[in-house]
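The values are calculated or read from the model by the stated rules, or taken from the named source; none is laboratory data. The model shown is predicted, which means the values in this text are computed figures rather than measured ones. All Cβ positions, even for glycine, are placed from backbone atoms using ideal geometry, and neighbour counts span all protein chains on display.
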Amino acid sequence: NAGVTQTPKFQVLKTGQSMTLQCAQDMNHNSMYWYRQDPGMGLRLIYYSASEGTTDKGEVPNGYNVSRLNKREFSLRLESAAPSQTSVYFCASSSSTGRNYGYTFGSGTRLTVV
Amino acid sequence: TQLLEQSPQFLSIQEGENLTVYCNSSSVFSSLQWYRQEPGEGPVLLVTVVTGGEVKKLKRLTFQFGDARKDSSLHITAAQPGDTGLYLCAAMGSGTYKYIFGTGTRLKVLA
């Protein structure tokens, strides 16, 4: 089973460029999440989608947009990249949003904005 | 904003030693999870605890949720090099449906 697949694995952008990070899960999960991980900051939630057709802001949504394309896919878009968005981005999914449900993470996208 | 503090930040020990890492907050949580993350990979779920005072064991790992549901600990017995990694706790607040993550404890077990 592939689980959660993220593409690309690595990306270098120039300031002001745009790009979309792709995420797909094959576990029939309802909920999907985007996190960023920075040294000393832990994982911070950018956006999440509790179910197909819904999206909500997390802790650090500024500078990002998301699209829940269908139940499997949840993309993250940077419209105008800034050096502060240099980070490792993780997509995750879970069966539901309840407290008994754990997250399955992808292997991440390492993004550098120069 | 609910904050999760993990301690210690870094830990380097010899194979066979025991260790405990902590996850603390001033907030009450409805559930708490522990993850392990290896370099270049995403976090992998180890356990979920939901009841105050709950203790769960996973082979040599023992997880405890505090009675007041504000803190948790992870104890590893006879650590092995394969235990090396970043250990993250994540907690869900009452009335929310999102997990927030601590900053992690980076463990290195030397052979």
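Scanning segment B:59-97 for residues being among the aliphatic types (A, V, I, L, M), at pLDDT 95 or above and either surrounded by fewer than 20 Cβ atoms within 10 Å (Cβ to Cβ) or closer than 14 Å to B:Lys108 by Cα (or both) gives a total of 5.
If the condition is being surrounded by fewer than 16 Cβ atoms within 10 Å (Cβ to Cβ) and either away from chain B (no Cβ under 14 Å) or over 15 Å from A:Asp26 (Cα atoms) (or both), then segment A:72-98 contributes A:Arg77, A:Glu79, A:Ser80, A:Ala82, A:Pro83, A:Ser84, A:Gly98.
Residue pairs whose Cβ atoms lie under 7 Å apart, sitting 6 or more positions apart in sequence or on different chains, and linking a residue in segment B:87-111 that is more than 19 Å from A:Arg36 (Cβ to Cβ) to a partner that is acidic (Asp, Glu) and surrounded by fewer than 23 Cβ atoms within 10 Å (Cβ to Cβ), are B:Leu107/B:Asp83; B:Val109/B:Glu15; B:Val109/B:Asp83; B:Leu110/B:Glu15; B:Ala111/B:Glu15.
Taken together, the residues in segment B:62-81 that are farther than 12 Å from B:Phe29 by Cβ, more than 14 Å from chain A (Cβ to nearest Cβ) and in contact (Cβ under 8 Å) with a residue 24 or more places away in the chain amount to 9.
Summed over segment B:96-111, residues that are more than 24 Å from B:Gly16 (Cβ to Cβ) and either of a type in the set (Lys, Arg) or more than 14 Å from chain A (Cβ to nearest Cβ) (or both) total 1. Checked against the criterion of being in contact (Cβ under 8 Å) with a residue 24 or more places away in the chain and within 27 Å of B:Gln9 (Cβ to Cβ), segment A:11-30 has no qualifying residue. Checking each residue in segment A:31-50 for being over 18 Å from A:Thr109 (Cα atoms) and either away from chain B (no Cβ under 11 Å) or surrounded by 22 or more Cβ atoms within 10 Å (Cβ to Cβ) (or both) picks out A:Ser31, A:Ser49. How many residues are in a strand (DSSP E or B) and farther than 11 Å from B:Ser72 by Cα if we restrict to segment B:8-23? Residues in segment B:8-23 being in a strand (DSSP E or B) and farther than 11 Å from B:Ser72 by Cα: 6 in total.
Say we look at segment A:99-111 and pick out the residues that are within 23 Å of A:Ala24 (Cβ to Cβ) and either in contact with a Ser or Thr (Cβ under 7 Å, 6 or more places away or on another chain) or in a loop (DSSP other than H, G, I, E, B) (or both); which of these is farthest from the other protein chains (Cβ to nearest Cβ)? Checking each candidate, the answer is A:Leu111.
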